[in-house]
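Worksheet: the structure to be examined is printed underneath.
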Amino acid sequence: MDDLGFMRLALDQAHAAATAGEVPVGAVVVHRGQVIATGRNAPVADHDPTAHAEIVALRAAAARLGNYRLADCTLYVTLEPCAMCAGALLHARLQRVVFGAAEPKTGAAGSVVNLFEQPQLNHQTALQGGVLAEPAGELLQHFFRQRREQHAQAHRMAHPLRDDALRTPDSAFADLPGYPWAPRYVSDLLALAGLRLHYLDEGPPDARLTYLCLHGNPAWSYLYRKMIPVWLAAGHRVVAPDLIGFGKSDKPKKDAAHTFSWHRQVLLEFIDRLDLQNMVLVVQDWGGILGLTLPMAAPHRYHGLLVMNTTLTTGDAPLPPGFLAWREMCAKQPEFDVARLFARGNPHLSPDECAAYCAPFPDKGHRAALRAFPPMVPEHCDADGAATSRAARDFWRHDWHRPTLMAVGAQDPVLGPPVMRALYDVLCPPGSGNPKPLIIEQGGHFVQEHGEPIAQAAVRFFK
Ligand SMILES: [Zn+2]
């Protein structure tokens with residue numbers, strides 16, 4: 001048998017290792033044309049950090065020959081030996097070592113170092129690499145790919161999907177521009193009843209300030225990607241949940257699952273769970289319609305308020321005409337193109353950025369929240385959420401004495417300057433000492449798309 005034949009036997013050992021759940025590396029020792037020992041990786045099973053295929057094979061061969069020197073032997077191994085194994089192979093005084101795939105991270109036969117080429121260490125062992133490198137390398141890649149998939153599966157199983165909900169596949173969110181942050185999930189809040197809520201949580205947990213960023217319809221935490229880096233660079237923590245029905249959070253199949261009170265309760269429990277303190281509440285659109293009702297429930301958690309195009313829907317004043325037009329559009333065209341909506345109001349966005357806003361909604365079934373939210377805005381005094389919003393209005397007028405910063409996207413036809421002027425009177429009554437609103441002339445409804453200067457102003461303002 002030649003080198004290829006013996007390496008195939010080593011590959012058989014590698015396959016056996018994979019079956020046993022070990023990293024698939026195999027070895028055989030050949031003495032005068034005869035296989036006298038085999039070895040495969042077994043560190044996990046043997047609780048032995050030294051149980052690499054080469055060491056296992058060397059021990060068996062030495063026992064078989066009754067000699068710790070293996071002078072007339074060749075060792076075949078499917079992967080380039082590490083430093084430990086290279087040392088052992090040199091001690092054994094092998095005639096030859098033949099390996100398959102190179103190991104760029106830990107290889108001690110040429111990739112990282114070459115211990116076989118040190119004249120002080122090696123007097124006789126010849127070295128050859130690259131024999132059946134391809135199948136050996138593929139076996140390893142397949143093994144690690146499978147293990148990653150198993151981990152992902154285990155992760156999904158930790159938050160099993162409810163029968164009455166949908167979950168946008170992770171692949172929809174691959175490689176989104178400007179959104180590098182790791183997903184985090186919670187599903188065991190009482191109000192969630194098992195639905196999986198996604199959120200970002202970046203920056204030091206003990207940061208002086210935590211920016212809690214709440215998005216609206218039809219956006220998700222992607223909306224804050226231009227502001228988050230500014231706050232992280234200033235040393236702050238940023239937490240940005242996706243409302244249920246949006247972004248990477250689970251999406252109930254039925255429109256009727258969505259109510260004002262339920263979403264508010266989810267947010268309250270979420271804040272409690274993360275035990276957020278010294279928060280700057282950052283709101284826009286539904287992020288404010290819901291979010292502005294949160295601080296009165298636990299004022300001690302909040303340090304300040306950054307409010308962008310939004311409103312308090314108290315039910316005792318007519319809804320703004322821009323909003324009524326939006327609601328009518330949504331009713332007439334429930335399948336409206338989310339990417340196009342963002343492109344229209346934000347001509348500076350790339351097509352990929354606009355598409356990222358569409359990513360959560362691969363089909364009609366995933367769009368229940370988009371249908372449910374516009375009619376859910378409290379319109380009358382007894383609508384769900386209206387009384388809570390009136391209580392919040394009292395809170396902001398009389399009980400809030402902390403810094404408030406307002407930024408207004410001037411081009412917003414829905415919740416633009418007139419709506420924001422009215423909200424300013426509530427949030428920043430005369431004598432409150434809060435600054436005039438920051439007007440973002442180019443900014444539309446999704447003013448966060450012009451968010452860097454707003455985030456920088458916040459860093460200067462919230463001391
Ligand atoms: Zn090794």
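We did not get these values from a lab; they are worked out from the coordinates using the rules stated. For clarity, every value in this text was computed on a predicted model and none was experimentally measured. Don't worry about glycine lacking a Cβ; one is built from the backbone with ideal geometry, like all the others, and counts go over all protein chains shown.
Yes/no matrix, rows are residues, columns are (1) touching a residue at least 24 places away in the same chain (Cβ under 8 Å); (2) more than 22 Å from residue 138 (Cβ to Cβ):
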position	(1), (2)
48	no, yes
53	yes, no
67	no, yes
73	yes, yes
77	yes, no
98	yes, no
105	no, no
If we keep just the residues of the range 415-436 that are part of a loop (DSSP other than H, G, I, E, B) and surrounded by 21 or more Cβ atoms within 10 Å (Cβ to Cβ), which is nearest to the chain's Cα centre (by Cα)? 415
When you check residue 293 against the structure, is it under 18 Å from residue 427 (Cβ atoms), over 30 Å from the mean Cα position of the chain (by Cα) and among the β-branched types (Val, Ile, Thr), yes or no? no
Residues in the range 387-446 that are of a type outside the set (Gly, Ala, Ser) and closer than 19 Å to residue 322 by Cβ total 23
Read through the list (1) crowded, with 24+ Cβ neighbours inside 10 Å; (2) closer than 29 Å to residue 434 by Cα, then give the number of the only condition that residue 249 fails. (2)
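For the range 150-259, which strands (runs of 3 or more DSSP E) that fit wholly inside it have 1 or more residues that are free of Cβ contacts under 8 Å to residues at least 40 places away in the same chain and under 18 Å from the mean Cα position of the chain (by Cα)? Break it down stepwise before answering.
Numbers: elements: 184-186, 197-202, 210-214, 237-241.
It comes to 184-186, 197-202, 237-241.
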Among (1) surrounded by 24 or more Cβ atoms within 10 Å (Cβ to Cβ); (2) farther than 16 Å from residue 454 by Cβ - the single one residue 257 does not satisfy: (1)
Please work out which one of (1) hydrophobic (A, V, I, L, M, F, W, C); (2) under 15 Å from residue 309 (Cα atoms); (3) touching a residue at least 40 places away in the same chain (Cβ under 8 Å); (4) outside any loop (DSSP other than H, G, I, E, B) is the condition residue 439 fails and give its number. (3)
Can you name the number of the only condition in (1) within 16 Å of the ligand (Cβ to nearest atom); (2) within 21 Å of residue 4 (Cα to Cα) that residue 126 fails? (1)
